[in-house]
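These notes are about the structure you will find just below.
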């Protein structure tokens, strides 16, 4: 694209400000920055006024102000700016206070337990360090909450370093973002997680999705070789694995950390005649040690949240061949509307959840070209996943009525269904198809 007398094309303007072309197109779609004209061939043209507005947008983005509020600032009189900036200042002060608390916490540990700097810690050793340093249960709770809120990916890495199992890490992070006390995890996590996992063993599908969405995502993949090698991370019972085998000649490594679901996959693969094309692996997505550039594609439906979206797309990239693909679905805010009740719920269970655009920007930042994406229909939640959950939950609750954690589990699952029934228009799963550059 070239510069013209009427202004800059979208590609030139994006390059000038260090943005992607898709970012400017997104700004246009939400009414934040529109071109001054469409030139012949439908190229967008941006004049001096539009470039000045983009400079302001970039300035406010560096200050951490959300796009929706930037639009308010730019479209309002000067007096309307004050409220937005005061809100952002309050958020920054809270973040600074949180970082100060974390600094004091870590400084206290290093001063009272100097050997910790060179120690190889596990969870038991870490707990002993805290106890001997004089830190209370409340101190531990506050530190984990602050860590999860400010740096969720680093929190994940720290818990992995302590050699804590995946299931317990997920529960720790959930409680770190909610009102429960972190010490409670040590007391009930094993009991709760056993109950939780045993219930999900009764379900055919372990998360939202459908064969139709799987095939739609596949249709956006281009140029893979014959018998492409695919790493299916968090494969569960393998519904998508079987569906992909039916319409391709791909060969799969199907990884999950539950032998029970892999047993189901192996049985279904044998029944469908795909045993030779699917190799199941019992393993942890956080500890994969495959050779670099050994797969043509990574496929992950609804499981990347376990390791964190940015952590996953960053770490897994090395396994993909140049020009290969990553296809994954992830929970996200679907637009600007964020109902308070839904925000409160997801802040407690998945505080690092981002918008669809936010996830696209993460993938682009880590060297992917997002070639397509779509929002999964609400039927992907209700036709199989929640429908079966609603059928199975009453009987499971009755069978486990003497388990003290059953009430908590049932309440959590029913609350999730209630939130998705009310706010499925605002939050849902987006499927991303991206090529490694």
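The values are calculated or read from the model by the stated rules, or taken from the named source; none is laboratory data. Since the structure is predicted, the reported quantities are computational estimates derived from the model, not experimental observations. Here Cβ is always computed from backbone atoms with ideal geometry, including for glycine, and neighbour counts include all displayed protein chains.
Points worth noting:
- Contact annotation: no residue pair with Cβ atoms under 6 Å, 6 or more positions apart or on different chains, pairs a residue in the stretch 329-346 that is in the same structural domain as residue 357 (by TED's automatic domain parsing) and within 26 Å of residue 214 (Cα to Cα) with a partner that is at pLDDT below 90 and surrounded by fewer than 17 Cβ atoms within 10 Å (Cβ to Cβ).
- Taken together, the criteria place residue 299 among residues that are at pLDDT 95 or above and under 20 Å from the mean Cα position of the chain (by Cα).
- Complete set of residues in the stretch 322-350 that are part of a strand (DSSP E or B) and farther than 21 Å from residue 240 by Cβ: 322, 323, 333
- Taken together, 264, 230, 281, 247 contain a single residue that is buried (at least 22 other Cβ atoms within 10 Å of the Cβ) and in the same structural domain as residue 328 (by TED's automatic domain parsing), which is 230.
- As for the stretch 392-410, it holds no residue that is in the same structural domain as residue 236 (by TED's automatic domain parsing), surrounded by fewer than 19 Cβ atoms within 10 Å (Cβ to Cβ), part of a strand (DSSP E or B) and in contact with a helix residue (DSSP H, G or I) (Cβ under 7 Å, 6 or more places away or on another chain).
- Taken together, 234, 223 contain a single residue that is touching a helix residue (DSSP H, G or I) at 6+ places or on another chain (Cβ under 9 Å) and at pLDDT below 95, which is 234.
- Residue check for residue 8: touching a residue at least 40 places away in the same chain (Cβ under 8 Å) and in contact with a strand residue (DSSP E or B) (Cβ under 7 Å, 6 or more places away or on another chain): yes
- The residues of the stretch 20-29 that are modelled with pLDDT under 80 and within 16 Å of residue 61 (Cα to Cα), listed by number, are 20, 23, 26.
- Selection within the stretch 204-250 - closer than 17 Å to residue 264 by Cα, in a loop (DSSP other than H, G, I, E, B) and within 19 Å of the chain's Cα centre (by Cα): 206, 207, 234, 235, 236
For (1) at pLDDT below 95; (2) buried (at least 17 other Cβ atoms within 10 Å of the Cβ); (3) assigned by TED's automatic domain parsing to the domain that holds residue 157; (4) part of a strand (DSSP E or B), each residue gets a yes or a no:
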residue: 202; (1), (2), (3), (4): yes, no, no, no
residue: 269; (1), (2), (3), (4): no, yes, no, no
residue: 291; (1), (2), (3), (4): yes, no, no, no
residue: 305; (1), (2), (3), (4): yes, yes, no, no
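- Single residue of the stretch 344-371 satisfying the filter (at pLDDT 90 or above and out of contact with any helix residue (DSSP H, G or I) (no Cβ under 8 Å at 6 or more places or on another chain)) that is nearest to residue 437 (Cα to Cα): 369
- Hits in the stretch 251-267 - residues which are in contact with a helix residue (DSSP H, G or I) (Cβ under 9 Å, 6 or more places away or on another chain) and not in a helix (DSSP H, G or I): 251, 252, 254, 255, 256, 257, 258
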